[in-house]
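J.: My questions all concern the structure below.
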Amino acid sequence: MNAREKYGIPQDAVITIAGTVGVGKSTMTKTLAHHLQFRTSFEKVDANPYLDKFYKDFEKWSFHLQVYFLAERFKEQKRMFEYGGGFIQDRSIYEDTGIFAKMHYEKGTMSPVDYETYTSLFEAMVMTPYFPHPNLLIYLEGSLDSIVDRIQERGRPMEQETPIAYWEEMHERYENWINSFNACPVLRLDINDYDLVKDPESIDPILEKIGSFIQQTALLKK
Ligand SMILES: Nc1ncnc2c1ncn2[C@@H]1O[C@H](COP(=O)(O)OP(=O)(O)O)[C@@H](O)[C@H]1O
Ligand SMILES: Nc1ncnc2c1ncn2[C@H]1C[C@H](O)[C@@H](COP(=O)(O)O)O1
């Protein structure tokens, strides 16, 4: 019996991993997909033609980058839909709009007209059949210090060179965002409670929690 069967996780489930930059989403995505034998959906970082430019000049590249991420996520949503689920997704589309686009608009690094165009594009996409809500959103949370340490340790120069104030603002926005998020069930995990790098077995209680959480929310829907 594999972990998916053991913990009663449906094979068509879509689980999305949310949380600020560097908190450990990709690591969690890979680990869960491995244990559940699910496919993965990652965001494009290395092959992203705007990301480096964006970190050098937010004002100039915010809109281009948001449209790029939106197009990529739309293609991924369509792919997950066409496979009929069974995916772990690294970051939700809700974060693009609820965190990044909003933050740059409110900081003044995305113009009101660009933000309006972006928002209407996002709303048009969400109205297509490719956007069912995920079965579960796993929210990874930790202190700002430990997250900044991880960003430094991972070593993407564009992120290392970004002032800590940027990560601090994002951290705060994430806390507010998750406290009012209600598009799908949320399981919150504190990054101090597991270590997938040094202690791979710390995934077991997480798998168990995911199973019982999905079953409970399915019962509530009946
Ligand atoms: N559970 C963990 N314990 C210790 N270090 C971790 C853990 N998860 C991720 N890391 C480390 O933190 C850094 C950022 O992780 P990553 O998964 O790339 O984050 P994200 O996808 O959220 O940006 C990487 O250097 C990774 O090895
Ligand atoms: N929608 C986005 N707007 C701006 N920047 C974004 C967006 N989505 C992801 N990013 C950035 C943040 C990081 O530098 C990389 C990858 O994110 P990560 O949390 O490390 O997976 O892309």
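The values are calculated or read from the model by the stated rules, or taken from the named source; none is laboratory data. These figures come from a predicted structure and were not determined experimentally. Quick reminder, even Gly has a Cβ in these numbers, built from the backbone with ideal geometry, and neighbours come from all protein chains shown.
J.: So for segment 139-155 (the condition being buried (at least 17 other Cβ atoms within 10 Å of the Cβ), touching a Leu at 6+ places or on another chain (Cβ under 8 Å) and among the hydrophobic types (A, V, I, L, M, F, W, C)), does at least one residue qualify?
T.: For segment 139-155, residues buried (at least 17 other Cβ atoms within 10 Å of the Cβ), touching a Leu at 6+ places or on another chain (Cβ under 8 Å) and among the hydrophobic types (A, V, I, L, M, F, W, C): present.
J.: Among Ser180, Ser120, Ser92, Ser111, which is under 29 Å from Glu59 (Cβ atoms) and touching a Ser or Thr at 6+ places or on another chain (Cβ under 7 Å)? Lay out the reasoning, then the answer.
T.: Numbers: Ser180 fails: touching a Ser or Thr at 6+ places or on another chain (Cβ under 7 Å); Ser120 fails: touching a Ser or Thr at 6+ places or on another chain (Cβ under 7 Å); Ser111 fails: touching a Ser or Thr at 6+ places or on another chain (Cβ under 7 Å).
The unique qualifying residue is Ser92.
J.: Quick one: which residue in Glu95, Glu76 is under 21 Å from Tyr166 (Cα atoms) and within 16 Å of ligand 1 (Cβ to nearest atom)?
T.: Values: Glu76 fails: under 21 Å from Tyr166 (Cα atoms).
Exactly one residue qualifies, and that residue is Glu95.
Matching residues to (1) within 13 Å of ligand 1 (Cβ to nearest atom); (2) among the small types (Gly, Ala, Ser); (3) in a helix (DSSP H, G or I); (4) exposed (fewer than 13 other Cβ atoms within 10 Å of the Cβ):
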site	(1), (2), (3), (4)
Arg4	no, no, yes, no
Pro10	no, no, no, no
Thr20	yes, no, no, no
Thr27	yes, no, yes, no
Leu32	yes, no, yes, no
Thr40	yes, no, no, no
Asn48	no, no, no, no
Glu59	no, no, yes, no
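J.: Got at least one residue in segment 165-172 being of a type outside the set (Asp, Glu) and away from ligand 2 (no atom under 13 Å from the Cβ)? Break it down stepwise before answering.
T.: To start, the set of residues in segment 165-172 that are of a type outside the set (Asp, Glu) comprises 165-167, 170-171.
With the extra rule that they be away from ligand 2 (no atom under 13 Å from the Cβ), the set shrinks to 165.
Checking segment 165-172: at least one residue is of a type outside the set (Asp, Glu) and away from ligand 2 (no atom under 13 Å from the Cβ).
J.: Evaluate the following for Glu95: is it closer than 25 Å to Ile15 by Cα and modelled with pLDDT under 95? Lay out the reasoning, then the answer.
T.: Values: closer than 25 Å to Ile15 by Cα: yes; modelled with pLDDT under 95: no.
So Glu95 fails the test.
J.: Which of (1) more than 16 Å from ligand 2 (Cβ to nearest atom); (2) surrounded by 12 or more Cβ atoms within 10 Å (Cβ to Cβ); (3) not charged (D, E, K, R) does Gln216 not meet, given it meets every other one?
T.: Checking Gln216 against (1) more than 16 Å from ligand 2 (Cβ to nearest atom); (2) surrounded by 12 or more Cβ atoms within 10 Å (Cβ to Cβ); (3) not charged (D, E, K, R), the one that fails is (2).
To keep it simple, each residue is scored yes or no on (1) touching a Gly at 6+ places or on another chain (Cβ under 9 Å); (2) of a type outside the set (Ser, Thr, Tyr).
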| site | (1), (2) |
| --- | --- |
| Gly19 | yes, yes |
| Ser26 | no, no |
| Leu32 | no, yes |
| Pro49 | no, yes |
| Glu72 | no, yes |
| Ile88 | no, yes |
| Tyr94 | no, no |
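J.: Give Val113, Val148 a once-over and let me know the one that is within 16 Å of ligand 1 (Cβ to nearest atom) and modelled with pLDDT of 95 or more. Break it down into steps so the answer makes sense when it comes.
T.: Values: Val113 fails: within 16 Å of ligand 1 (Cβ to nearest atom).
Of the residues listed, the single one that is within 16 Å of ligand 1 (Cβ to nearest atom) and modelled with pLDDT of 95 or more is Val148.
J.: Would you check if there is a residue in segment 181-190 being closer than 21 Å to Asp90 by Cα, within 15 Å of ligand 1 (Cβ to nearest atom) and either surrounded by fewer than 12 Cβ atoms within 10 Å (Cβ to Cβ) or hydrophobic (A, V, I, L, M, F, W, C) (or both)?
T.: Taking every residue of segment 181-190 in turn, at least one turns out to be closer than 21 Å to Asp90 by Cα, within 15 Å of ligand 1 (Cβ to nearest atom) and either surrounded by fewer than 12 Cβ atoms within 10 Å (Cβ to Cβ) or hydrophobic (A, V, I, L, M, F, W, C) (or both).
J.: Anything in segment 38-53 that is touching a residue at least 40 places away in the same chain (Cβ under 8 Å) and over 17 Å from Ile147 (Cβ atoms)? List them, or say none.
T.: Keep residues of segment 38-53 that are touching a residue at least 40 places away in the same chain (Cβ under 8 Å), which gives 38-43, 45, 51-52.
Once the filter is applied, which keeps residues that are touching a residue at least 40 places away in the same chain (Cβ under 8 Å) and over 17 Å from Ile147 (Cβ atoms), segment 38-53 yields Phe38, Arg39, Thr40, Ser41, Phe42, Glu43, Leu51, Asp52.
J.: Ok, one more. Which ones in segment 1-54 are among the charged types (D, E, K, R) and over 20 Å from Gln66 (Cα atoms)? Steps first, please.
T.: Our first condition is that a residue be among the charged types (D, E, K, R); within segment 1-54, this holds for 4-6, 12, 25, 30, 39, 43-44, 46, 52-53.
Passing the criteria: Arg4, Glu5, Lys6, Asp12, Lys30, Arg39.
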